[in-house]
Structures are given as C-alpha cells and as structure tokens.
1. Taking amide H atoms as placed 1.01 Å from N in the peptide plane, list the residues 5 or more away in sequence, or in a different chain, whose amide H sits under 5 Å from that of B:Cys40.
2. Using the Karplus curve 6.51 cos²θ - 1.76 cosθ + 1.60 with θ = phi - 60°, work out ³J(HN,Hα) for each residue of segment B:192-208 in order, rounded to whole Hz, and write x for Gly and Pro.
3. For A:Arg174, B:Arg145, which order do you get if you count the other beta carbons within 10 Å of each Cβ and list the fewest first?
4. How far is it, in nm, from the label point at A:Leu119 to the one at A:Val72 when both lie 7 Å from their Cα along the line to the Cβ?
5. Using helices alone, what [θ] at 222 nm do you get for the protein assembly as shown, with -39,500 (n - 2.57) per DSSP H run of 4 or more residues, divided over all residues and rounded to the nearest 500?
6. Would you tell me the mean number of C-beta atoms belonging to other protein chains that fall within 10 Å of each C-beta in A:192-203, as a whole number?
7. What does the structure give for B:196-209 when I average, per residue, the other chain Cβ atoms found within 10 Å of the residue Cβ?
8. Hey, got the dipole for segment B:1-83? About the Cα centre, +1 on K and R Cβ, -1 on D and E Cβ, debye to the nearest 20?
Amino acid sequence: MKAPPAEPAAAIEPPPVAAQEATPETAPAEARWSVGRHTNVLLLLLALLLFWQFAVPLLVPGYVFPTLETVVDKFAAILRSRNTYVDIFNTTLRIIGGFVVSGLVGICFGVALAMSKRLNATFMPVVRFITGVPALTWVLLAIIWFRSTELRIWFLMFVLMAPIVTINTYDGVRSISYELYQMVLSLGPNKFRLLRLIVLPGATPFVFSGLKVGLSFGGRFVVFAEAMSADSGIGSAMYTMNQTFDIAGIIVWTLLLVIVLAVLDVLLTKVERHWFRWRRDFQG
Amino acid sequence: MKPAIKLTDVGKDFGGTGGKPKRVAVRRVSFSVYPGEVLCIVGKSGCGKSTLVNMMLGLETPSRGSITIDSKPNSGHHRPVAAVFQTDRLLPWRTVVDNAALGLEAAGVSKRQRHDAARPWLERVGLETWGGHYPHELSGGMRQRVSICRAFVLQPEVLILDEAFGHLDEVTAQQLRQDCLKIIAETNTAVIMVTHNIAEALATGHRVLVLGKPAEIIKEFELKAPGPGERKVYPALRDEIFDLIEKQSEYTA
C-alpha cells in the first residue's frame, strides 16, 4: 500500500519573516566575541605553540627554526626598541595611504567603466593586462623609474591595488538588479542622484570585497617594496634581519605585520558591518 | 475633461540596425485615461505590455506615435507618472521610510521634507511603526504596501499598477487592492492596471483593453457596473476575453 505523502513543508517551514526579523537587537550580541565561541581556535593555537616548544627543537636545529622561547625573547627585545614603532607607523601609513588612494581611484574608475561602453571598450583590456603583470616586474620598473623610495612604494601600492578595486567595483555595478535600476530610473533622478541612489550602494558589497583583497595584497606588497628599496618600515627591518640570518627576528617582524593587517582588517570589517546592517548575512 | 494620459498610435520596434532583424514589440496602441478612471490592460505574456509600461514611464522612447500626459503645472515635487511593479523593488539598504520617500529624494527634496511627506502615507497603509526597519524585516504584503506608498508620495496624475498584486496570496492581494482603490478614488488618480488576471481586471476596471501580440488593442470592454472593486466577476465576459487572448496565442504560435 502506498504511504500517504509526507508533510515536509510544515516541518521545515521557517518562522514568519517578521518574527525571524526581530533580530536587529539580538544580532550584535550574537556576533560578540566570546571564549566559548572561539574554543576550537584557541585549542588549535595552544596545540601549535606546544608543538613549536617541544617538538620543533627535536626535529630541526635552532638556526633553521628558532625555539618559541627565542622568538618570545626577540619579540620583547624588538618591542623595547623605539625604532620598532617608527617602522610599524611608517608601514601602516603606507598601507593606509595606498589603500585610500587606490580605493578611491579604483572605485571611480570601476564605476566609469561600468557606466560607459566606450570607456569600457578602451580601458578594460588595459586594466586586465595590468592585473596580469607580475609584481616583480613593477618592483624592477619602480626602482628604475623613481629615485625617491617613497614614490616607489606608493607607485607599487597603487599599481597593484587599484586594478583589483577597479575590477571589483566594475563587477559590482554590473551585478545591480536591472529591475531596481529601472525602478530608480522611472523616478527621474539626474545622473549624480542615480549614482548615489542605486549605482554606488548597489555595488558596495563588491567594492568592500575588492578593498579587503586590496588591503591584504597591499600589506604584503608594501613589505616587499620596503625590503627592496626603503630604509624604514617593517619590510626594511625584515631585510636587515635577513642580512644577519636572524630567523627569530624575521618571524617577529612577520608577526608584527600580520598584527597590523589584522587590526586594519578588523577596522574595515567593523565599517563593513555598519554599512551592511541592512543585510541578512548567510550563516553556515 | 482632459485625459490624464493619452497614447496616440504608439508603437515600438527593437533591432533593425547592425544586421539585427527588426522585431515589433508594440504595433499601434491608442487610448486615453481620465482622472479617477481605472483602465485595465490584459494580454498574454510577452505581448508587449512591459514595453508599453516602460514607454509610459519614460524608460523607452516610442518608435512612432506620441504619449501626452496632462501634468499639473506644479504641485510640489511630483512625478506625472508613477508605478507599482509586480515585485516590490525596494532598495534593501534603505529603511522603509527612505524607500517610501525615494522618489522625493530623486527629485532633490531635503530629508526632513521627504520624511514628512512619506510618513502620512505609511500611516495610511498601516506601517507607521515600521519606518525605521529594513525591507528584509517585512513580509511580502508589507513590502508591497511600501512600494504603493513610494508611488503615492509623488502625487502622480497617472498610476501604473504593473501586475502589482500578482505575486501575493489571494487574501493579501484582495486587501491591498481594496486599500489601493480607496486611495485612488480619494486622490482622483488615473490608473492603468496591467494584469494577467482577467477576473481582477473585470472586478477592478472601468474599462478593459485586450492586447494582441505584438501589442495592439484587439477589443475594448466598457464596464457599466458600480465602482471598481465592488462588482462581481462577469463569467460571460471573462470567457470572451479568455477566448480572445487564447486565439491571439494561436495566431502567433
């Protein structure tokens, strides 16, 4: 005998939208950091530190990979030096400066490419070409083209970050719902208001994604550029450590760079969360 | 009385340049709608109704003919034609009140003024306490109410309801339709209701136009019953319109 049809709809039906959405007050609390939520990460970190402290010295000699203790001592020594903070400040300033300039130019250029067929046909192949050029080529060219080390670094930041933001912004504008765009057009806005009402906010999720990728790339490239040509900054300090075969120093400066990038990423994420407070995020 | 909107031999073709074959989307359409009148347009999917709506909204330029709108000289920041679409088309990053006032913002009205203008309309549709919420916090019916507010805030002479109740459940659609018709009667707005639903057209309109494919008026029905929304569906008329549309699809198959 055939079984009666099951009633999956009733069982899995989500609660009414309005009820689901009584979350604006509760969401921030859920998102708050807590030890309980990060237990797995903390346990993994602890395991890695224990492995480093006890297993690594048995596997490789100290001059290949220093012990945890050596790195901690080096960390303390580097933090005691006043120059450390000058280096961190210089690198952070370069990252933020490159990020802001590349971000602004990338957003403006991305919007222009998406809104104008002629500009798109002319410049999009150039942007795609630039993204395909290896970073090392730009570094070598920057050394030949610019005498000032600051100019070299800013040039590298720009040429490596701006195309990423440009392409993401372009994709963001192209992804705007045609129906929404038509609706706003039907209200008769001028071009400036069209940009403000639909084009820029509609593209923002992609723009933020581009900015985050750009920040990550920029942070790594700035250190590369500093190592090649600057006399201050985290990259320069890493280069000095490399010259003296100081692996503990390289690790400490790498950690400092990661911390700087993590702080910038947290700040950007906070801005993003505020910006996208209207969005219901997917939570897997 | 002058018509609020008058279409004279309006047609629209696509293609025909760069080696692309010409496609007639709207062959020749002429009609007028007067203030306070509800004109319903029915036709098969793809017959050119959306192109006709886009032309009335100024989103497409007619290939031939003309569209004349009897716009008031100036009654604040208003648009002569506004539309409520099948989907609410609310901007997800804007609050309910900002969505309702979107048309005023597009016209450059200050934030305070546009919020002051939008709030009474939100109150009118029962959303006065939802102004600060985002669209994803609302049900489908509530979102559609916001899109109705967005249209009425502009004080349009002509309101286009483009399948405006088509994706809602029957009960919500009926409530919303009644609310909308009440406001239309009070504001004396000329309404063009585009719908697939013949029963809805007969229950709502003063006149019903049946479109062929490509869009041209193949028959017009004038309904002599009481006001829109209060009339029972005419089964015979419904069948006649159904047959007309069905025949059109046979011709174009």
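1. It is B:Met193, B:His206, B:Arg207, B:Val208, B:Leu209, by chain and number.
2. 3J(HN,Hα) across segment B:192-208, in whole Hz: 10, 9, 9, 8, 8, 8, 5, 4, 5, 4, 5, 7, 10, x, 7, 9, 10.
3. So the ranking, lowest neighbour count to highest, is A:Arg174, B:Arg145.
4. 5.5 nm
5. Here the helix-only value at 222 nm equals -18000 deg cm²/dmol.
6. Across the residues of A:192-203, the mean count of other-chain Cβ atoms within 10 Å is 2.
7. Taking the mean over all residues of the peptide, I get 0.
8. Computed charge dipole of segment B:1-83: roughly 280 debye.
Since every read-out is calculated from the coordinates, none of them should be taken as a lab result. It should be emphasised that the depicted structure is a prediction, and the values quoted were computed from it without experimental measurement. Note: ideal-geometry Cβ built from the backbone for every residue, glycine included; neighbour counts use all protein chains shown.
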